[in-house]
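Remarks on the structure that follows.
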Amino acid sequence: MGTGLAIICLAATIVVNSAMSLLFKLSASTKGPIQAAAFIIALLSGTGYALLYAKALSKIKLNVAYPTVAIGSLVLITLSSALIFRETMTLRSAAGMIVAIAGIALITV
């Protein structure tokens, strides 16, 4: 696998990790069949996350991949939870995300 594909796998890891968290939130905040379906899909997403992350790590250093996934997931989950679940996003949290993204940029350059 080339580096380009590893970067795509890392980006997909961020998306899958974020989706998994959103599904767990949906599962925790609903009842009935939606709760069960969201929980099962979230569990299955964990497998996808692990497979994608392992592929990405075959070409990307762990000290770059881990913070990228952590911060990328943080940003995507924060924005998505504000849109989907109407959770509050403050100016402070927005500023924190910008600083965190800048930190990732410094690590990866």
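Numbers for the structure displayed
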{"quantity": "Dipole in debye (nearest 20) - the chain, about Cα centre, beta carbon charges: Lys, Arg +1; Asp, Glu -1", "calculated": "40"}
{"quantity": "Candidates Leu43, Leu74, Leu91, ranked by Gaussian network fluctuation over the chain, Cα under 10 Å, top entry", "calculated": "Leu91"}
{"quantity": "Sorted by Cβ density within 10 Å, fewest first, the residues Ser58, Ser18", "calculated": "Ser58, Ser18"}
{"quantity": "Kyte-Doolittle mean at least 0.5 and Cα axial length at least 27 Å: DSSP H helices in the chain", "calculated": "3-29, 33-57, 62-84"}
{"quantity": "Taking the chain and dividing mean pair separation by its residue count, relative contact order in percent (alpha carbons under 8 Å, at least six apart)", "calculated": "33"}
{"quantity": "Principal semi-axes in Å for region 1-52 [√(5λ), Cα gyration tensor, largest first]", "calculated": "27, 9, 5"}
{"quantity": "For the chain, built as a Gaussian network whose Cα springs stay under 10 Å, the top-fluctuating residue of Leu26, Leu79, Leu44", "calculated": "Leu44"}
{"quantity": "Added length on full extension, which subtracts the Cα-Cα distance from 0.36 nm per residue, Ala50 to Ala11", "calculated": "12.7 nm"}
{"quantity": "When the chain is reduced to its Cα atoms, the Kirkwood hydrodynamic radius in Å", "calculated": "14.8"}
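A short reminder: the numbers here are calculations on the coordinates, not readings from a lab. A quick note: this is a predicted structure, and the numbers were derived from the prediction, not measured. Please note: Cβ atoms are built from the backbone with ideal geometry, for glycine as well, and neighbour counts cover all protein chains shown.
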